[in-house]
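The values are calculated or read from the model by the stated rules, or taken from the named source; none is laboratory data. The structure displayed is predicted, hence computed values, not measured ones. With ideal geometry, Cβ positions are generated from the backbone for all residues, glycine too; neighbour counts draw on all protein chains shown.
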């Protein structure tokens, strides 16, 4: 199994667990004399199985990420860089959006709002970070589809 397939299976498994949690909640209480639509015991057993499979997948994915090196850099470092870039990019995009929202005055006596940053420069940084993130993500995805899961 390729790493990318394991990542997809992890996502599917997580969705299944969420569904089971919801079904358990829906069947936790019933009116006296009634039966639940689904047996909570069966749902709990299924949940236990899914959680066990998730644990195994997570272990194998993490071991694979730690032992995979891309151009001299561990895959885990690339993943950390991607997460950091996403966080930084989000902050810069928010700054560009907020700095671009200068208020219009209806009268000369109103307070004039000006941008405290050079929006064009920050936008250039956003563009550069976006490109770096896109290229890094492509590299990670390529690695995921070519790496065998440990």
| query | Conditions: (1) farther than 17 Å from residue 137 by Cα; (2) crowded, with 16+ Cβ neighbours inside 10 Å. Residue 39 meets all but one. Number of the miss? | reply | (2)
| Quick one: would you say residue 76 is touching a helix residue (DSSP H, G or I) at 6+ places or on another chain (Cβ under 6 Å), at pLDDT 95 or above and assigned by TED's automatic domain parsing to the domain that holds residue 128? | yes
| query | Going by the structure shown, is residue 87 surrounded by 11 or more Cβ atoms within 10 Å (Cβ to Cβ), in a helix (DSSP H, G or I) and out of contact with any helix residue (DSSP H, G or I) (no Cβ under 6 Å at 6 or more places or on another chain)? | reply | no
